[in-house]
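**Student:** One structure, as structure tokens, below. Some questions next.
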Amino acid sequence: MARAFLVVMDSVGIGGAPDAGAYFNGDLPDSGANTLAHIAQAQAAAGTPLRLATLDALGLGAALELASGAVVPGLGATPAGAWGAATEVSRGKDTPSGHWEIAGVPVPWDWAYFPVTEPVFPDDLLLRVCETAGVGGTLGNCHASGTAILAEQGARHMKTGWPICYTSSDSVFQIAAHEEVFGLDRLLHLCETIAPVLHDMRIGRVIARPFVGTPEAGFTRTANRHDYAIAPPSPTLCDWVQGAGRRVYAIGKIGDIFSMRGICEVRKGRDVALMGHLGDLVDDAAEGSLTFANFVEFDSEYGHRRDVAGYARHLEWFDVELSRLLPRLRPGDLMVITADHGNDPTWPGTDHTRERVPVLVHGAGVRALGQVAFTDIAASVAAHLGVPAQGPTQGPAQGPGLRSGLHSGRSFL
């Protein structure tokens, strides 16, 4: 029985989103942002050209040119897989929107966001945090980079025991706390308890951000992050597959993003460990199963931190690992490699960028798929597995420049 592997390279956008001008990093619209092209151009200018032989052979360079017209050094292979570019219709450029739509469910509402002011959070929300945690106050109360705020508030947090609360341009409420001083279980309980309050506000996620370290040696976030996300508004690809009696394996933060709906088994860790988990499931996943993986460090470690060279190295690491995985797939297996949004490390600001994403398919022959919808990915995986697609085929009102039919949920297989 056929198996499917759906792999998200978190934030590896390829430019060209038709409504990018309606999305911003600070006062600058995302028009012209192009995560992959700008990394490739920067690496070529530095004398260290980007080397992505496996992804390019699947059609990455061709997808980039289709999405944005960009032709860059090192990405000019003739595709040996099925390839295309996908456009999102959900309003927002955040993790839940992208993943839910990839799984067949565009977001039917507008997310709420915290204002760019200081203080940023309502007093009653912070009072709930204090009451739940049993503390006399909180720190942060601002928009911030997750690493910068640890440098600013970590020492005070260790002294007071007060949790650090912050947000970003995403629909998110984040709480950072020291694993040893505050306690990991205590942080997770705090976030889980207050998550329904934030969800009622249409804030998409509450994220626990545990860290370790000292003021003298510096602070480091750990791999014990946990996202408490609003549940998808209708059944997703994960539910479709599980409902058909098949196994659904979640690698990385997929279980969190989908609030564990439709998930049978979760495997977590940093990206190196996640690649090991993916390899294990390539070898051992049940017949007829879906493995849904997210590799987050493109986004969290390099995109948000605007680390071009680090992002390039991570792409090259992923490419080498992929070259070792593909020969281990069984006859009849399908692997789809895509992304959920962009996070151009050359762009001003620290937030995601609104971009199209690649759709690279191993196991479906050699052909150009053209411009497709995010929801077409779910429909195609379901068709490969012989599982009926369910739920909405229409997303919210189309944004500027989005052509009719791009949210139809049609299989491209």
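**Student:** Return the residues of the stretch 246-270 that are over 19 Å from the mean Cα position of the chain (by Cα) and touching a residue at least 24 places away in the same chain (Cβ under 8 Å); say none if nothing qualifies.
**Tutor:** Once the filter is applied, which keeps residues that are over 19 Å from the mean Cα position of the chain (by Cα) and touching a residue at least 24 places away in the same chain (Cβ under 8 Å), the stretch 246-270 yields 246, 247.
**Student:** Just checking, how many residues over the stretch 7-38 are touching a helix residue (DSSP H, G or I) at 6+ places or on another chain (Cβ under 6 Å), in a loop (DSSP other than H, G, I, E, B) and farther than 14 Å from residue 356 by Cβ?
**Tutor:** Selection size over the stretch 7-38: 1.
**Student:** Strands (runs of 3 or more DSSP E) wholly in the stretch 193-242 with at least 3 residues that are farther than 26 Å from residue 4 by Cα, at pLDDT 95 or above and touching a helix residue (DSSP H, G or I) at 6+ places or on another chain (Cβ under 6 Å) - which ones?
**Tutor:** In the stretch 193-242, 205-214 are the strands (runs of 3 or more DSSP E) which contain 3 or more residues that are farther than 26 Å from residue 4 by Cα, at pLDDT 95 or above and touching a helix residue (DSSP H, G or I) at 6+ places or on another chain (Cβ under 6 Å).
**Student:** Would you say residue 28 is among the aliphatic types (A, V, I, L, M) and buried (at least 23 other Cβ atoms within 10 Å of the Cβ)?
**Tutor:** It is false that residue 28 is among the aliphatic types (A, V, I, L, M) and buried (at least 23 other Cβ atoms within 10 Å of the Cβ).
**Student:** Would you mention how many residues in the stretch 337-372 are of a type in the set (Gly, Ala, Ser) and modelled with pLDDT under 95?
**Tutor:** So the count comes out to 1.
**Student:** A follow-up question, please. For the subset of the stretch 102-143 comprising residues that are of a type in the set (Ser, Thr, Tyr) and out of contact with any Phe, Trp or Tyr (no Cβ under 7 Å at 6 or more places or on another chain), which member is nearest to residue 206 (Cα to Cα)?
**Tutor:** 113
**Student:** Among the residues of the stretch 193-206, is there at least one that is of a type in the set (Gly, Ala, Ser), crowded, with 21+ Cβ neighbours inside 10 Å, within 19 Å of the chain's Cα centre (by Cα) and closer than 20 Å to residue 222 by Cβ?
**Tutor:** Within the stretch 193-206 (the criterion being of a type in the set (Gly, Ala, Ser), crowded, with 21+ Cβ neighbours inside 10 Å, within 19 Å of the chain's Cα centre (by Cα) and closer than 20 Å to residue 222 by Cβ), the answer is no, since none of the residues qualifies.
**Student:** Shifting gears a bit: How do the pairs read when you match residues in the stretch 24-41 that are in contact (Cβ under 8 Å) with a residue 40 or more places away in the chain with residues anywhere that are of a type in the set (Phe, Trp, Tyr) and outside any helix (DSSP H, G or I), using Cβ under 8 Å and keeping only pairs 6 or more apart or on different chains?
**Tutor:** Final answer for the pair search is 25/347; 28/347; 30/23; 30/24; 30/347; 33/347; 38/347.
**Student:** Scan the stretch 44-57 and give yes if some residue there is within 23 Å of residue 348 (Cα to Cα) and touching a helix residue (DSSP H, G or I) at 6+ places or on another chain (Cβ under 7 Å), otherwise no.
**Tutor:** yes
**Student:** When the stretch 271-298 is examined, which residues are found to be aliphatic (A, V, I, L, M), touching a Leu at 6+ places or on another chain (Cβ under 9 Å) and in contact (Cβ under 8 Å) with a residue 60 or more places away in the chain?
**Tutor:** 278, 282, 290, 293, 296
**Student:** Being under 18 Å from residue 314 (Cα atoms), in contact with a strand residue (DSSP E or B) (Cβ under 9 Å, 6 or more places away or on another chain) and touching a residue at least 12 places away in the same chain (Cβ under 8 Å) narrows it down to one residue among 66, 50, 75, 60; which is it?
**Tutor:** 60
The values are calculated or read from the model by the stated rules, or taken from the named source; none is laboratory data. Just so we're clear, the structure is a prediction, and the values are computed from it rather than from any experiment. So basically every Cβ, Gly included, is an ideal-geometry build from the backbone, and we count neighbours across all protein chains shown.
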